[in-house]
Amino acid sequence: MAEMPFVDTDIEDEFVMHASSEINIKKKRKRTTEREIEEGSERKKKKKKQYQPNYFISLPITNPKITGSIQAVQDAIRQKDQRLSKAMVHSGSLHVTMFVMHLSNEEEISIAVGALSDSKDFVEDLLKGKTVDLSFQGIDHFKNEVGFVKLAENDHATILTEIAETMKKIFQEKGILAGEERAFKPHLTFMKLSKSTQLRKQIIQQYEKQERGSG
Ligand code: C5P
């Protein structure tokens, strides 16, 4: 697949700011992509569906300096291609995911809620009275499909990673299927093509066509 438009967007230079928030637990919105529908055998699909993350622990990002700057980035992208409006994450939903998990029933949900409240003491121990001041700097993407702002690499980001790892362990020790194979990469997503199946298909087709034309 060729590069998506936002990858070229010239907006990543001056993106530095700070956040402080409360951790929360949220249900993931279910979205089945066409690739998933077409992929593999029935059994493979069933297994995948069974363990697919459906909840996540996140830090909501509500600092107006940050949300305002994100909106400016989103506006710049919209000006390049209006169709991408559909891919934008709404200001009220901006967050940094700490980890994802799969919860199958009410019992697991209440275990997870318990794990979240147990985490409080561990997190306080890690913080030792300090606050975590998150700075965001620069734009990157996952597989040309997800646009995000990167977390600046500093001591605060290191503490955030420790908090995420410690909390994930607490959930896992309670039998919750938490975490993924990939390493924790703290980021703030501001757009993702998966928000609209139709848009994703349109964009992929357009860029494949362009690639064929140029090749
Ligand atoms: O966690 P967040 O809501 O920001 O994730 C947005 C999208 O980025 C999700 O679809 C997730 O699967 C994807 N992602 C990824 N690689 C990562 C982290 C998230 O592709 N390391």
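The values are calculated or read from the model by the stated rules, or taken from the named source; none is laboratory data. Since we're looking at a predicted model, the values are computed, not measured. Virtual Cβ from ideal backbone geometry, glycine too; neighbours counted across all protein chains shown. All accessible areas refer to the heavy atoms of the entire protein, side chains included, with ligands and DNA or RNA removed. Shrake-Rupley method; radii C 1.70, N 1.55, O 1.52, S 1.80 Å.
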Verdict on ILE66 being more than 13 Å from the ligand (Cβ to nearest atom) and β-branched (Val, Ile, Thr): yes
Residues of the stretch 190-215 that turn out to be surrounded by 12 or more Cβ atoms within 10 Å (Cβ to Cβ) and not in a strand (DSSP E or B), as a count: 16
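For the stretch 128-146, which residues satisfy the criterion of being outside any strand (DSSP E or B) and either within 16 Å of the ligand (Cβ to nearest atom) or in contact with a strand residue (DSSP E or B) (Cβ under 9 Å, 6 or more places away or on another chain) (or both)?
VAL132, ASP133, LYS143, ASN144, GLU145
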Sole residue being modelled with pLDDT under 95 and under 24 Å from ARG29 (Cβ atoms), chosen from GLU208, GLU180, GLU124: GLU180
Filter result for the condition that a residue is more than 21 Å from ASN144 (Cα to Cα), over 19 Å from the mean Cα position of the chain (by Cα), open to solvent by 60 Å² or more (accessible area, probe 1.4 Å) and at pLDDT below 70, over GLU38, GLU42, GLU34: GLU42
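Can you tell which of PHE171, PHE122 is among the hydrophobic types (A, V, I, L, M, F, W, C) and surrounded by fewer than 17 Cβ atoms within 10 Å (Cβ to Cβ)?
Just a single option satisfies the conditions, and that option is PHE122.
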First in the stretch 172-194 and under 21 Å from ILE159 (Cα atoms), second anywhere and among the polar types (S, T, N, Q) and more than 8 Å from the ligand (Cβ to nearest atom), Cβ under 9 Å, 6 or more apart: ALA178/GLN172; GLY179/GLN172; PHE184/THR161; PRO186/THR161
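Here's the yes/no breakdown for (1) in a loop (DSSP other than H, G, I, E, B); (2) within 16 Å of the ligand (Cβ to nearest atom); (3) within 30 Å of TYR207 (Cα to Cα):
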residue	(1), (2), (3)
GLU107	no, no, no
LEU126	no, no, no
VAL149	no, yes, yes
HIS156	no, no, no
ALA164	no, yes, no
ARG182	yes, yes, yes
LEU188	no, yes, yes
Tally of residues being more than 16 Å from the ligand (Cβ to nearest atom) and open to solvent by less than 20 Å² (accessible area, probe 1.4 Å) across the stretch 94-105: 1
